[in-house]
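A.B. asks: Pasting a structure below so you can have a look.
The values are calculated or read from the model by the stated rules, or taken from the named source; none is laboratory data. What you see is a predicted model, and the numbers here were worked out from it, not measured in a lab. Heads up, the Cβs are rebuilt from the backbone with ideal geometry, glycines too, and the neighbour counts pull from every protein chain shown.
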Amino acid sequence: MVDPFRERTARLLMDYLEVCAREPGTPAPAPSTPEAAVLRHVAVRVQEANRNEANRNVLLLYRRFRRHRVELVARMAQRLLDEDPGPSWGRVASLVTFAGSLLERPPQTTRRQKRDDDGVSRDCRLLVALLCAQFCERHRAWMMANGGWDGFCLFFSHSLQPSWERQLVWFFLSYWTVIIIIYFWMKLS
């Protein structure tokens, strides 16, 4: 029997991880679903929040273990989702972002790197299977209690909308721009 939640989860994860695993310099395809667009946006925010020097060094260290990507994500999933306080949408987003960052391909310079990159497609599929097992089996009750991927989108929807402060700034900038245009129009007429 087909599980729509599992299919939706697999499609979402494949969309995000394939974007992360694409060849350097190739443009990202459009998100395949609304939740994929939200996940990409949230992942960028997570990466921006972790751009400090210490986190960058840790991520570089993890990227050296390219042959153990799936193990690293499995351990991280255990740490983030199984230990107290348990799953949260922030932890889910962090885990998926971490998996995606491990799949990022460095610029291709040597034949050895090309061989290493051949494992990216395989690891992408394995990571989708691993994360599907986490979200659709082990933590399915939590995911469903929190609205599934629609709940994910609702939780992060505030970060997609401009804040009232930004809207206020744009309003005042627009107001002053109109005033200046009217002033010059009257002056030149």
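A.B. asks: Hey, could you check region 70-114 for residues that are closer than 23 Å to residue 45 by Cα and of a type in the set (Ser, Thr, Tyr) and say which is modelled with the lowest pLDDT?
C.D. replies: The selected residue is 101.
A.B. asks: OK, next. Select from region 82-99 the residues that are of a type in the set (S, T, N, Q) and touching a residue at least 12 places away in the same chain (Cβ under 8 Å) and list them in ascending order.
C.D. replies: 94, 97
A.B. asks: Hey, another quick one. Just to be sure I understand, how many residues within region 34-69 are touching an Asp or Glu at 6+ places or on another chain (Cβ under 7 Å) and either among the polar types (S, T, N, Q) or modelled with pLDDT under 90 (or both)?
C.D. replies: Adding up the residues that qualify gives 2.
A.B. asks: In region 135-150, how many are assigned to a helix (DSSP H, G or I) and either within 17 Å of the chain's Cα centre (by Cα) or free of Cβ contacts under 8 Å to residues at least 24 places away in the same chain (or both)?
C.D. replies: Residues that pass the stated criteria total 7.
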